[in-house]
Amino acid sequence: MLKDKKIVIGVAGGIAAYKVVTLVSRLVQAGAEVRVVMTEAATKLVSPLLFKEISGRPVACDMWAGNDEFNVEHVALGRWADLMVVAPATANIIGKMANGIADDLLSTTLMACDKPKIVCPAMNSNMLANPAVVRNLETLRQDGIVIMPSASGHLACGVDGSGRLPEPEEIKSFIDYFLAQREGDLRGIRILVTAGGTREPIDPVRFIGNRSSGKMGYAIARDAVRRGADVILVSGPTALRHPDHVRFIQVESTEEMMDACLKVYPDVDAVVKAAAVADYRPHERAAQKIKKNDENLILALDKTQDILKRLGQEKRQQFLVGFAAETQNLMRNAAEKVRKKNLDMIVANDVTQAGAGFSTDTNIVKFLFPDGTVRELGIMPKEEVGNLILDIVRDHVGKNRK
Ligand code: PMT
């Protein structure tokens, strides 16, 4: 979403201004065009020259300096921008924005700019909690300005509390998400993604599980967020950090995954079921660790419920995408799952192939549809597989809504 976006970053005079150098660098690396406007106080903390070198563009600081590039600079900057971000936003600039004060280049540019604005407050915790600042932030919200919540932690004034400027990567992700929600091709689409493997406990220390790392499902969830969807990610245990901006539901067993999916199912437009779900669970869960002895141990197993089949039975508006992990008869088994589980599409992967299936960063898949159409894809990153699945989801959900 950041590629070719024109972003004006307003830097006010807070100590966290130094972090904004990295933010500008990250935005430029992501393909955005960035122009920096600094208050006089900000120039005392970070040199405008540094921002100029990092952004690759002149930095605007002075109302009266004149500008060879732009006539009436504050108006032209607002016109040029697709988005304005104020970081760090001090109590002073927040107060000016909320009360219509325009007495320097940043505050006049903000006032002249009719494009979306994000404000990232950063200040001492007492200042942030001051009724005037609270009131001013509320006014900004009512004016349609987006406030990125401050982080908590160590503050420059030496105390721990709220009021920290979030890390540059977090601000970049917030901006990206904001843009995706406004412009992404999946905006307004609610998608349930499942990922990872479920675990069925044998006793307090052992379980039946499988080799799913969660990479496939997490890649789909990440792609969907980037494209503006509202994403619910129901995940079995993995070693991965879940993507930002998803509603994350952690589960362990098949039963827990079933409950979580059924709860959100009526309200979603599509489901992508990449999780590897345990088909059997121990008939009994031992209350204590089963002690080893000289005998073999025979475990009785019960069938778990088939979540996808149940979703297929209760299908209304939802576009239902299943996965098939197979080691033989890939397409025959996949076709049977499409039929039995009432799917709109299945992503079949032969997990014996190098570069496909469990734990790899790539996958090799075939898409199969109820009418027998097959689309065969070569080896590609799981992110790319995710995007191709989501293209199909978008087309079908869009068609249903017309
Ligand atoms: O997580 P990674 O390491 O990245 O690996 C990716 C993956 C191999 C797990 C993924 O690409 C994949 O194939 N996921 C589906 C694995 C699987 O359980 O396949 P299956 O053929 O057993 O099940 C078919 C479909 O029914 C799946 O969508 C599964 O989520 C669903 N199912 C299965 C059993 C059950 N009790 N309930 C279900 O909902």
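We did not get these values from a lab; they are worked out from the coordinates using the rules stated. Given the structure is predicted, the values throughout are model-derived calculations rather than measurements. Glycine also receives a Cβ, built like all others from the backbone with ideal geometry; neighbour counts cover every protein chain displayed.
Structure summary
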item: VAL119 long-range amide H proximity, modeled H, under 5 Å; result: VAL86, VAL146, ILE147, MET148
item: In nm, spacing of pseudo-spin labels at MET111 and ASP203 (7 Å Cα→C-beta vector); result: 7.5
item: Net charge, GLN288 excluded, C-beta distance under 14 Å - Lys, Arg +1, Asp, Glu -1; result: +3
item: Degrees between helix 215-226 axis and first principal axis of the chain (Cα, 0 to 90, nearest 10); result: 40
item: For segment 114-120, 3J(HN,Hα) per residue [Karplus equation, 6.51 cos²θ - 1.76 cosθ + 1.60, θ = phi - 60°, Hz, x = Gly/Pro]; result: 9, 8, x, 9, 10, 10, 10
item: Mean-position separation - Cα centroids, segment 194-245 and segment 367-397, in angstrom; result: 20
item: Theoretical ellipticity at 222 nm over the chain - DSSP helices of four or more residues, -39500 (n - 2.57) apiece, nearest 500; result: -11000 deg cm²/dmol
item: DSSP-defined antiparallel bridges as percent of all bridges, segment 257-362, nearest 5; result: 25
item: Positive-end extreme of charge dipole, segment 103-222 - chosen from MET148, ALA112, GLY184 (charges on Cβ); result: GLY184
item: Intensity falloff of the chain expressed as log10 I(q)/I(0), Debye formula with alpha-carbon point scatterers, at q = 0.08, 0.09, 0.11 Å⁻¹; result: -0.56, -0.68, -0.88
item: Rounded Å value of the spacing that divides the Cα centres of segment 130-156 and segment 1-80; result: 22
item: Over segment 61-212, relative contact order from alpha-carbon pairs under 8 Å, at least 6 apart, %; result: 17
item: Residue-span extension gain [PHE248 to ASN71] - 0.36 nm each, minus C-alpha spacing; result: 58.9 nm
item: Size of charge dipole - segment 1-105 - debye, nearest 20, with Cβ of Lys, Arg +1 and Asp, Glu -1, no other charges; result: 420
item: Cα-based shape type of segment 36-184, given that a ≥ b ≥ c are square roots of the gyration tensor eigenvalues and the cut on a/c is 1.5; result: rounded
item: Cβ-based charge dipole, segment 44-144, positive-most Cα from ALA65, ALA89, ASN126; result: ASN126
item: Cross-link partners of LYS291 among aspartates and glutamates (Cα-Cα below 13 Å; sequence separation of 8 or more within a chain); result: ASP203
item: Using alpha-carbon coordinates, inclination of helix 131-142 to the longest axis of the chain, degrees; result: 70
item: Cα-only Debye scattering, segment 292-387: base-10 log of I(q)/I(0) at q = 0.18, 0.22 Å⁻¹; result: -0.86, -1.12
